[in-house]
Amino acid sequence: MKKILLIILDGLGDRPSPELGNRTPLQAANKKNINALASRGMVGLFEPISPGIRPGSDTAHLSILGYDPYKVYTGRGPFEALGLGMDLKPGDIAFRGNFATVDKNLKVIDRRAGRIDTGTDKLASSLNIEIDGINIMVKEGVEHRAGVVFRGDGLSPNVSDVDPHQENVFVQASKPLDNGAKKTAEVLNKFTKKSYEILDQHPVNIERKKQGKNPANILLTRGAGIVPKLDNFNEKYGLKSACVVGVPLISGICKLAGIIPIMVPGATGTTNTNMQNKVKYAIDAFKTYDFLLMNIKATDVAGHDGNAMLKKQMIEKADIALEPILDLLDEITVMITGDHSTPCTVKDHTGDPLPVLISTKGIRSDGIEEWNEISASRGSLRITGRDVINVLLNYSDRAEKFGA
Ligand code: ZN
Ligand code: ZN
């Protein structure tokens with residue numbers, strides 16, 4: 001049996017970029033190690049969910065880990081809250097939150113409270129309160145962002161947003177979207193009002209007002225979702241699993257699945273991330289674990305910026321970091337792909353298929369020497385998200401026989 005390394009270069013897939021001579025960043029990138037892995041193994045095309053579906057990173061990772069995103073995904077809130085390190089339980093309702101600035105009539109002046117970046121921990125902890133038997137937990141995120149969790153009986157995620165998603169309009173009253181959501185909408189509206197009362201008088205905001213800054217005097221919520229109960233990944237596949245992931249959203253999904261996040265110094269989830277450290281920690285983790293998911297976010301960040309040159313550089317940086325993997329193919333099966341395409345010409349996720357490679361000792365070779373979106377289509381693999389773990393188990397001699 002071999003160990004399994006699944007490397008997700010986030011947003012890897014792309015379309016031709018004029019600044020790269022109408023090549024994709026992957027086509028343009030110098031990547032001898034990744035090419036070596038590809039040429040010793042099988043390559044092909046990968047659909048994270050199904051053809052044409054534009055995945056979020058969350059729904060794509062759920063699919064890749066063998067969960068049906070259409071069943072378990074009810075909104076981004078729960079996944080972001082998990083990623084902030086909030087301790088969630090199945091059945092909790094979670095929202096994404098913004099510290100914002102409102103006037104005394106609750107008209108939104110600044111949805112991001114001047115992109116406040118200090119003191120939000122204090123603001124958040126002042127909002128850990130109970131309303132009508134519902135425990136509310138708030139945790140600060142990056143800049144003005146926060147996670148909000150409701151825990152208690154009779155809750156539903158089917159409520160409309162309080163956040164009006166624009167400025168110079170009033171904060172919206174949340175409405176129940178079905179009969180079961182009345183209580184949740186009521187508590188949410190009370191909480192929103194209460195957040196204004198508490199935050200407007202908070203010392204952090206009194207100080208901000210003194211300095212002429214917009215006070216972060218309300219917490220606006222959106223994207224309600226219920227924390228799903230995911231079948232335990234380890235039990236389902238008979239693996240001991242860990243992940244090396246710089247992005248809260250993905251580590252939150254892993255935690256929910258029972259996959260242990262490994263903290264890596266210098267793994268930032270952005271373009272300055274220390275990829276070499278990630279690979280080093282991943283290799284170390286195989287002393288304890290059988291399965292390791294590695295997500296490298298920098299490629300997606302460059303895609304969203306529309307910066308094809310940067311995306312090419314991030315692929316090259318990953319390639320250098322991945323060199324030690326080449327020596328481990330006797331013991332591990334490695335797959336490299338992405339969770340969706342983020343074409344630099346689109347600056348957002350698309351439903352284009354991605355290249356995938358799988359490499360290990362003893363596997364057939366498709367003879368593709370240079371791995372990219374175009375050449376991968378000449379390889380033998382055609383897989384979707386729900387196939388990934390099965391395919392990896394098969395090439396790691398871990399798959400159970402179906403039948404006699
Ligand atoms: Zn992604
Ligand atoms: Zn993205």
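Filter the cross-link list 287/317; 3/361; 280/317 down to pairs whose alpha-carbon distance in this structure exceeds 18 Å.
Values: 287/317 25 Å; 3/361 12 Å; 280/317 14 Å.
From the list (287/317; 3/361; 280/317), the Cα-Cα distance tops 18 Å for 287/317.
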Check your understanding: Ordered by packing density, taken as the mean number of other Cβ atoms within 10 Å over each peptide's residues, highest first, how do 28-37, 280-289 rank?
Key -> 28-37, 280-289
Point to revise | Relative counts (whole %) of C-alpha pair distances in the stretch 210-321, using bins that are 5 Å wide | key: 2, 11, 16, 16, 14, 13, 12, 8, 4, 2, 1, 0
**Study point:** Inter-part distance where the stretch 340-370 and the stretch 280-320 are each reduced to a Cα centre, Å
**Key:** 14
Point to revise | ³J(HN,Hα) computed for each position of the stretch 135-143 - Karplus, 6.51 cos²θ - 1.76 cosθ + 1.60, integer Hz, glycine/proline x | key: 7, 10, 10, 10, 9, 5, x, 6, 6
Check your understanding: Leaving out same-chain residues fewer than 8 places away, which aspartates and glutamates sit with a Cα under 16 Å from that of residue 311?
Key -> 10, 14, 19, 300, 319, 339, 348, 373
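Can you give the accessible area per residue of the stretch 341-404, in Å², using a 1.4 Å probe?
Values: 3230 Å² over 64 residues.
On a per-residue basis, 51 Å².
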Review point. Given a cut-off of under 8 Å on Cα pairs at least six residues apart, what relative contact order in percent is computed for the chain?
Key: 34
Review point. If the cut-off is 13 Å between C-alpha atoms, which aspartates and glutamates fall inside it for residue 193, apart from same-chain ones fewer than 8 positions away?
Key: 103, 163
**Study point:** For the stretch 376-385, Karplus couplings with θ = phi - 60° (6.51, -1.76, 1.60), whole Hz, Gly/Pro x
**Key:** 4, 5, 8, x, 8, 8, 9, 10, 10, x
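Keeping all protein chains in place, calculate the accessible area per residue for the stretch 23-106 (probe 1.4 angstrom), answer in Å². Numbers along the way, then the final one.
Details: 2900 Å² over 84 residues.
Spelled out: the 1.4 Å probe surface of the stretch 23-106, per residue, equals 34 Å².
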Practice item. Put one equal scatterer on each alpha carbon of the stretch 259-404, apply the Debye formula with no solvent term, and list log10 I(q)/I(0) at q = 0.17, 0.18, 0.20 1/Å to two decimals. Key: -1.15, -1.29, -1.52
Check your understanding: Check residue 340: other-chain or 5+ apart residues with amide H under 5 Å from its amide H, H built from backbone geometry?
Key -> 11, 12, 13
Review point. Using bins 5 angstrom wide from zero, how does P(r) for the stretch 54-160 break down, in % of all Cα pairs?
Key: 2, 11, 18, 20, 20, 15, 9, 4, 1, 0
Review point. Which residues' amide hydrogens lie under 5 Å from the amide hydrogen of residue 23, considering only partners 5 or more residues apart or on another chain, with H built in the peptide plane?
Key: 17
**Study point:** Out-of-range pairs (alpha-carbon distance over 18 Å; input 312/347; 2/240; 2/229; 32/347; 139/347; 183/229)
**Key:** 2/229; 32/347; 139/347; 183/229
Exercise for review: For a label point 7 Å from the Cα of residue 347 along Cα→C-beta, name the residues of the stretch 26-61 whose backbone N is under 17 Å from it.
Suggested key: none
Check your understanding: Expressed in nm to one decimal, what extension gain is obtained for the pair residue 182 and residue 103 from 0.36 nm per residue of sequence separation less their Cα-Cα distance?
Key -> 25.7 nm
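Leaving ligands, DNA and RNA out of it, report the carbon-plus-sulfur percent of the accessible area of the chain at a 1.4 Å probe. Walk me through the numbers on the way to the answer.
Numbers: 8210 of 16860 Å².
Ligands and nucleic acids excluded, carbon and sulfur reach 49 percent.
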Study note, to complete from the structure: Taking 0.36 nm per residue of separation between residue 166 and residue 330 and subtracting their Cα-Cα distance, the length gained on full extension comes to 53.5 nm
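Show me 109-121, 384-396, 71-83 ranked by packing, highest mean number of other Cβ atoms within 10 Å first. Let's see the in-between values first.
Numbers: 109-121: 17.2, 384-396: 19.4, 71-83: 23.2.
Ranking, from highest mean packing down: 71-83, 384-396, 109-121.
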Review point. Given the rule -39500 (n - 2.57) for each run of at least 4 DSSP H residues, summed and divided by the residues of the chain, what is its mean residue ellipticity at 222 nm, to the nearest 500 deg cm²/dmol?
Key: -8000 deg cm²/dmol
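Estimate the FRET efficiency between residue 272 and residue 404 by the formula 1/(1 + (r/R0)^6), using the beta-carbon distance for r and 51 Å for R0, to the nearest 0.05.
Working: r = 54 Å, r/R0 = 1.05.
That gives a FRET efficiency of 0.40.
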Practice item. Take the Cα coordinates of the chain, assign each an equal point scatterer, and use the Debye formula without solvent to give log10 I(q)/I(0) at q = 0.13, 0.14 Å⁻¹. Key: -1.07, -1.17
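The values are calculated or read from the model by the stated rules, or taken from the named source; none is laboratory data. The structure displayed is predicted, hence computed values, not measured ones. Cβ: placed from backbone, ideal geometry, glycine included. Neighbour counts: every protein chain shown. To get the accessible areas, we keep the full protein, side chains included, count just its heavy atoms, and leave off ligands, DNA and RNA. Shrake-Rupley method; radii C 1.70, N 1.55, O 1.52, S 1.80 Å.
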